[in-house]
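Everything on this sheet refers to the single structure shown next.
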Amino acid sequence: QVRLVESGGGLVQAGGSLRLFCAASGRFFSTYAMGWFRLAPEKEREFVASISASGGNTVYPDSMKGRVFISRNNANKTVYLQIDNLTPEDTTTYYCTAYTGRIPLGSYRHYNFWGQGTQVVVSS
């Protein structure tokens, strides 16, 4: 089992940056690939980023490449998501996820564990 708690969301002006945090608990954190998704209007959970269990491989959707960066610290059981050049369209809830595999994946259907989410609001 993995428990995930996100933080770092808040209100930011367009053009700014945010760093989201995901604190994990559980013995097997370092063996799980991690991901970030977000809720988008009229869409399923939208893939933002994923990172392998070791941290050596990352995957991003084309829409996010160059603007988001995922990283992890297995010793601290923490996953980070840096989002740059924020726009009002980035306003939504962001979720940290984990699944019992090592390879980063982009479909939310693979992920077993979800945090409660952290809200990001970008003002224009």
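Counting other Cβ atoms within 10 Å, which trypsin sites (Lys or Arg not before Pro) in the stretch 33-64 have at most 11 and lie in a DSSP loop?
43
Return the loop-located trypsin sites (Lys or Arg not before Pro) in the stretch 1-37 (DSSP other than H, G, I, E, B) with at most 15 other Cβ atoms within 10 Å of their own Cβ; answer none if there are none.
Of the trypsin sites (Lys or Arg not before Pro), the ones in loops of the stretch 1-37 whose Cβ has at most 15 other Cβ atoms within 10 Å are 27.
Which ³J(HN,Hα) values, rounded to whole Hz and listed in residue order, are derived for the stretch 30-37 from phi using the Karplus coefficients 6.51, -1.76 and 1.60 in 6.51 cos²θ - 1.76 cosθ + 1.60 with θ = phi - 60°, glycine and proline given as x?
Here the 3J(HN,Hα) series is 5, 9, 9, 6, 10, x, 10, 10 Hz.
Per residue, how large is the accessible surface of the stretch 1-112? Use a 1.4 angstrom probe and give square angstrom.
Value returned for the stretch 1-112: 50 Å² of accessible area per residue.
Tell me the GluC sites (Glu not before Pro) within the stretch 15-101 that lie in a loop according to DSSP and have at most 12 other beta-carbon atoms within 10 Å.
Of the GluC sites (Glu not before Pro), the ones in loops of the stretch 15-101 whose Cβ has at most 12 other Cβ atoms within 10 Å are 42, 44.
Can you tell which of 108, 18, 122 lies farthest toward the positive end of the dipole of the chain, using +1 and -1 charges on the Cβ of basic and acidic side chains (Lys, Arg; Asp, Glu)?
Farthest towards the positive end: 108.
For the chain, what % of the accessible area comes from carbon and sulfur atoms, probe 1.4 Å?
Carbon and sulfur atoms account for 48 percent of the accessible area of the chain.
Pairs of alpha-carbon atoms within less than 8 angstrom and 6+ residues apart define the contacts here; what relative contact order does the chain have, in percent?
Reported as a whole number, the value is 36 percent.
In whole angstrom, how long is each semi-axis of the equivalent ellipsoid of the stretch 69-111, when you take the square root of 5 times every eigenvalue of its Cα gyration tensor and sort them from largest down?
For the stretch 69-111, the semi-axes come out at 22, 15, 9 Å.
Report, in debye and to the nearest 20, how large the dipole of the stretch 15-124 comes out about its Cα centre when Lys and Arg carry +1 and Asp and Glu carry -1 on their Cβ.
That gives the stretch 15-124 a dipole magnitude of about 460 debye.
Could you tell me what % of all Cα pairs in the chain have separations over 19 Å?
Cα-Cα pairs of the chain separated by over 19 Å account for 40 percent.
Take the alpha carbon atoms of the stretch 56-124, find their center, do the same for the stretch 1-33, and report the distance between the two centers in whole angstrom.
Centre-to-centre (Cα) distance: 8 Å.
The values are calculated or read from the model by the stated rules, or taken from the named source; none is laboratory data. Quick caveat: nothing in here was measured; it's all calculated off a predicted structure. Cβ coordinates were reconstructed from backbone atoms using ideal geometry, including for glycine residues, and neighbour counts include every protein chain displayed. For the accessible areas, the whole protein counts, side chains as well, though only heavy atoms, and no ligand, DNA or RNA atoms are used. Shrake-Rupley method; radii C 1.70, N 1.55, O 1.52, S 1.80 Å.
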